[in-house]
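S.K.: I have a structure here, written as structure tokens, and I will follow up with some questions on it.
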């Protein structure tokens, strides 16, 4: 299984100050002055940060390794959708 972090409420993905500090500590990098936007949602350091601190509305979904998935976003509220969960039509 692979763990995917997503934002489960409106407002968009972000880390609060404490979570940002922990994430940077785990990655061995300096804390950026501005928000971190380009974090791989399966990054083990991000997953560990969310598991340890439970920062706000960030959640984790386990998906089978090798799954095709998409993080669907509407007004900042995200959900993790697997390809097998979509109802596909064939032309």
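S.K.: Output the number of residues of the range 63-91 satisfying the condition of being surrounded by 11 or more Cβ atoms within 10 Å (Cβ to Cβ) and either in contact with a helix residue (DSSP H, G or I) (Cβ under 8 Å, 6 or more places away or on another chain) or part of a strand (DSSP E or B) (or both).
M.R.: Here the count works out to 13.
S.K.: On to the next question. Being at positive phi, free of Cβ contacts under 8 Å to residues at least 40 places away in the same chain and either surrounded by fewer than 16 Cβ atoms within 10 Å (Cβ to Cβ) or in contact with a strand residue (DSSP E or B) (Cβ under 9 Å, 6 or more places away or on another chain) (or both) narrows it down to one residue among 17, 28, 11; which is it?
M.R.: Exactly one residue qualifies, and that residue is 28.
S.K.: Counting only residues that are under 9 Å from residue 5 (Cα atoms), out of contact with any helix residue (DSSP H, G or I) (no Cβ under 9 Å at 6 or more places or on another chain) and either without any contact (Cβ under 8 Å) to a residue 40 or more places away in the chain or outside any helix (DSSP H, G or I) (or both), how many does the range 39-61 have?
M.R.: Looking only at that region, the number is 2.
S.K.: Now, a different point. Could you please give the count of residues in the range 59-68 that are at pLDDT below 95 and under 12 Å from residue 41 (Cβ atoms)?
M.R.: Looking only at that region, the number is 0.
S.K.: Which residues, taken from the range 19-38, are out of contact with any helix residue (DSSP H, G or I) (no Cβ under 6 Å at 6 or more places or on another chain), over 17 Å from residue 6 (Cα atoms) and part of a helix (DSSP H, G or I)?
M.R.: 21, 24, 25
The values are calculated or read from the model by the stated rules, or taken from the named source; none is laboratory data. Keep in mind the model is a prediction, meaning the values are calculated, not measured. Virtual Cβ from ideal backbone geometry, glycine too; neighbours counted across all protein chains shown.
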